[in-house]
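A.B. asks: This is the structure, below, for whatever I ask next.
Every number in this text was worked out from the coordinates using simple rules, so none of it is lab data. Note that the coordinates shown come from a computational prediction; the quantities given were computed from them, not determined experimentally. Here the Cβ is made from the backbone with ideal geometry for all residues, glycine too, and neighbour counts use every protein chain on show.
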Amino acid sequence: MNDTERLAADAAARRADLEATLDELEDKLNVKKQARIAIERARLSFKRDPVPWVAGGAAVVAAIVGLIVWRVSGDD
């Protein structure tokens, strides 16, 4: 293999690496795709163990009710 062939092979390998990197960046920066992945992870997590989700939901409801009661019964 001469220098020209070696350089061409090196350039092709670097081009392939760059393409793979750009594809990874595109996936990371694709908001819709990342949102879909996050939603799917949440669904699987809920199916696996719903207790933390239910507890978290109850905590949010309690906080909202507490804020409403505080606002309504607060000093005017």
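A.B. asks: Through the Karplus equation 6.51 cos²θ - 1.76 cosθ + 1.60, θ set to phi - 60°, convert the phi angles of the stretch 25-30 into ³J(HN,Hα) values in whole Hz; use x for Gly and Pro.
C.D. replies: Once rounded to whole Hz, the list reads 4, 4, 5, 5, 8, 7.
A.B. asks: Give, as a single signed number, the net charge of other residues whose beta carbon lies under 11 Å from the beta carbon of Glu26, with Lys and Arg counted +1 and Asp and Glu -1.
C.D. replies: After counting each charged neighbour, the total is -2.
A.B. asks: Which shape class applies to the stretch 29-68: rounded if a/c is under 1.5, otherwise prolate when a/b exceeds b/c and oblate if not, where a ≥ b ≥ c are the square roots of the Cα gyration tensor eigenvalues?
C.D. replies: In terms of gyration-tensor shape, oblate.
A.B. asks: Still on this model: In a shell of Cβ-Cβ distance under 12 Å around Ile39, excluding Ile39 itself, what net charge do Lys and Arg (+1) and Asp and Glu (-1) give? Mind showing how you got there, number by number?
C.D. replies: Values: positive: Lys32, Lys33, Arg36, Arg41, Arg43; negative: Glu40.
Net of charged neighbours comes to +4.
A.B. asks: Computed from the coordinates I sent, log10 I(q)/I(0) by the Debye sum over Cα atoms at q = 0.13, 0.14, 0.20 Å⁻¹ equals one of [x] -0.38, -0.44, -0.84; [y] -0.72, -0.76, -0.93; [z] -0.39, -0.45, -0.93. Tell me the label.
C.D. replies: Recomputing log10 I(q)/I(0) by the Debye sum over Cα atoms at q = 0.13, 0.14, 0.20 Å⁻¹ here picks out [y].
A.B. asks: By how many nm would the segment from Ala42 to Arg14 lengthen if fully extended, with 0.36 nm per residue of separation less the alpha-carbon distance? Let's see the in-between values first.
C.D. replies: Details: separation 28, 0.36 × 28 = 10.08 nm, distance 3.74 nm.
Working it through step by step, the gained length comes to 6.3 nm.
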